[in-house]
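Structure, as structure tokens:
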Amino acid sequence: MTGHGGPTGAHAESEPLRRATAILGKKWHPVLLYTLLTDGPLGFNDMKGRIDGISDKVLSEALDDLQEAGLVVRDVVEDKPVRVNYSLTPAGRDLEPIIEELLEWSHEHLTESR
């Protein structure tokens, strides 16, 4: 950092990366994004049924995080009984190539035999 009020060089470039990985680095966030990319929009129970091992609480918190980040939108589709669908925002859909690359990288480098 310099005395001119802000980070420079690699540090300045690392800040956006830190913000992105704060979202994508959480255990279930990429899985939820991928699920909505491939199967969305989905209701809460439909999404939970597609993701092995996620609890209601963790799914709810992750969806809240992704909504706050502007990647997921919650739409009430029925009032009585209340039925909600979750879908990706344009910013969430823009993550498709990144999610696909992560998936491909995982297949290539994180095999069961390692």
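The values are calculated or read from the model by the stated rules, or taken from the named source; none is laboratory data. These figures come from a predicted structure and were not determined experimentally. Every residue, glycine as well, gets a Cβ built from its backbone with ideal geometry; the counts of neighbours run over all protein chains shown.
Within the range 29-55, being among the polar types (S, T, N, Q) and surrounded by 13 or more Cβ atoms within 10 Å (Cβ to Cβ) holds for one residue alone: 35.
Of all the helices (runs of 4 or more DSSP H) wholly in the range 4-114, which have at least 1 residues that are at pLDDT 90 or above and among the small types (Gly, Ala, Ser)?
Details: elements: 9-24, 29-39, 44-50, 56-68, 90-93, 96-109.
Passing ranges, in order: 9-24, 44-50, 56-68, 90-93, 96-109.
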